[in-house]
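Structure record follows, encoded as structure tokens.
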Amino acid sequence: MHAEDDQIPPFEPQERSASTIVAHDGDFPFGAVVPPIYQTSLFTYANYAELAGSFSGELRRPIYSRGDNPTVMEFEAKIAALEGAEAARGLASGMAAISAAVLSNVRAGDRIVCVRHVYPDAYRLFLKLLPRFDVSVDFVDGADPASVERALPGARMLYLESPTSWMMETHDLPLLASMARECGAISVIDNSWATPVFQQPLKHGVDLVVHSASKYLSGHSDTVAGVVAGRGELIDRVNDLILPSLGAKLAPFEAWLLVRGLRTLPIRMAQHDLCGTEIARRLAEHPAVSQVYHPGFSGDVDGTVLHGASGLLSFEAGPTVDIPAFCDALNLFKIGVSWGGHESLVLPASVVLSQAGGPNSAVDFGVPKQMVRLHVGLEDMEDLWADLDRAFSLATKT
Ligand SMILES: *Cc1c(COP(=O)(O)O)cnc(C)c1O
């Protein structure tokens with residue numbers, strides 16, 4: 001191949017629907033319909049001029065897989081297109097994406113405003129690591145714009161997660177993003193729950209989107225990965241400051257799994273929406289349940305910002321439900337952390353509330369001890385409901 005042939009083509013953002021974006025890739029050698037896994041650490045050059053051109057930036061050729069790798073770039077181009085972003089960067093985990101988004105934008109003396117009920121390890125990043133670098137964090141109720149507005153002046157960053165972990169609190173993204181912009185703060189959102197199929201925060205003025213790609217983007221519970229997407233200049237900061245020094249780059253095989261998983265993202269999300277919302281509705285009517293937390297059920301899915309609901313929801317069981325017995329009585333809902341795959345899962349808040357190694361956002365923001373989180377997977381809805389109903393009757397003390 002000539003150098004001109006194997007240059008990285010410039011990414012052209014296109015306004016296409018999600019189902020079309022995930023169906024097709026770039027052009028690959030031999031007309032392969034699926035991207036090859038470029039399982040290589042380095043790339044070589046035919047001569048000095050190609051090498052020099054790649055280093056100077058004149059040629060856009062991959063150099064080393066901690067930077068550009070063609071398989072990873074396929075994933076990055078898809079996420080950028082799905083989120084309506086200029087660029088995206090794949091990282092080794094959701095937490096690597098979150099720390100990249102934060103650390104590439106803050107410096108000593110800065111303050112972050114963060115919503116309460118944020119993902120527990122993001123909470124630990126803010127309270128354990130960042131204070132060592134003289135970065136402070138104030139927590140606010142993201143569902144209350146007035147409290148966000150009060151905290152913002154002087155802040156470097158507004159960190160959002162909508163809906164939040166456990167409590168599923170949603171934010172008015174256009175309003176909060178414009179408040180941040182007025183104060184000169186960069187807004188960042190964890191969009192793992194909704195995925196770009198149901199929520200495209202950049203279109204509502206948010207500056208950066210981060211994902212745990214381990215969840216719905218992969219969709220098959222077989223990889224840990226992350227991604228950050230936004231304006232080119234913000235992704236360049238990640239490229240300049242984070243990848244060379246912290247190095248938590250997404251690996252080619254993981255990217256390949258992600259591209260494969262993304263093919264079905266829109267239809268999987270439609271199914272999670274249908275099934276999760278119906279389970280939430282039935283839970284709300286069940287005598288053993290005192291409250292259900294699910295945006296698809298509470299009226300937040302009104303098509304302005306949130307266009308659908310995923311399969312992750314939580315509920316508070318009544319005082320007569322024995323939580324350990326309820327978890328043990330379930331067959332189809334497996335006991336475990338994470339979510340976003342094909343399988344249904346249950347996680348009781350009680351174990352998270354007594355987790356070692358704090359700080360603990362579930363404790364500090366008051367997740368109720370009778371709270372249970374469900375991930376409604378892709379199994380038959382009636383089978384899942386029968387499993388839940390049976391577990392309630394076995395675990396309810398009379
Ligand atoms: C799982 C998760 C993360 C962390 O992602 P990893 O891929 O596990 O590092 C971040 N945010 C949310 C909302 C998550 O559920």
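Here, each number is a calculation from the coordinates, and none is a lab measurement. If you're wondering where the values come from, they're calculated on a predicted model, not measured in any experiment. We place every Cβ from the backbone using ideal geometry, glycine too, and count neighbours over all the protein chains shown.
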Quiz prompt | Of Phe30, His272, Asn239, farthest towards positive along the dipole that unit charges on Lys, Arg, Asp, Glu beta carbons give the chain | solution = Asn239
Quiz item: Antiparallel DSSP bridges in the chain: what percent, to the nearest 5?
Solution: 60
Practice problem: For an R0 of 51 angstrom, estimate the FRET efficiency from the Cβ-Cβ distance between Ala146 and Ala46 and round to the nearest 0.05. | Solution: 0.25
Quiz item: Label-point separation (nm) for Arg231 and Val337, each offset 7 Å from Cα along Cα-to-Cβ?
Solution: 3.5
Self-check item: Shape category assigned to the range 303-390 from the gyration tensor of Cα positions, a/c cut at 1.5
Solution: oblate
Self-check item: Estimated FRET transfer efficiency when R0 is 35 angstrom, pair Gln7-His307 (beta carbons, to 0.05)
Solution: 0.45
Quiz item: How much length is gained if the chain between Met381 and Lys369 is pulled fully straight, taking 0.36 nm per residue apart and subtracting their Cα-Cα distance, in nm to one decimal?
Solution: 1.6 nm
Exercise. Provide the FRET efficiency to the nearest 0.05 for the Arg390-Ser290 pair, computing r from the beta carbons and using R0 = 25 Å.
Key: 0.80
Quiz item: If you add up the charges near Leu330, with Lys and Arg at +1 and Asp and Glu at -1, over every other residue whose beta carbon is less than 11 angstrom from its beta carbon, what do you get?
Solution: -1
Quiz item: How far apart, in nm, are the 7 Å Cα→Cβ label points at Leu353 and Gln39?
Solution: 4.7
Exercise. Would you compute, from DSSP H runs of 4+ residues alone, the mean residue ellipticity of the chain at 222 nm, taking -39500 (n - 2.57) per run and dividing by the full residue count, rounded to the nearest 500?
Key: -9500 deg cm²/dmol
Quiz prompt | Surrounding net charge for Asn191, when Lys and Arg each add one and Asp and Glu each subtract one, Cβ distance under 10 Å | solution = -3
Quiz item: What is the spin-label model distance, in nm, from Ala248 to Ile267 if the labels are put 7 Å beyond Cα along the C-beta direction?
Solution: 3.4
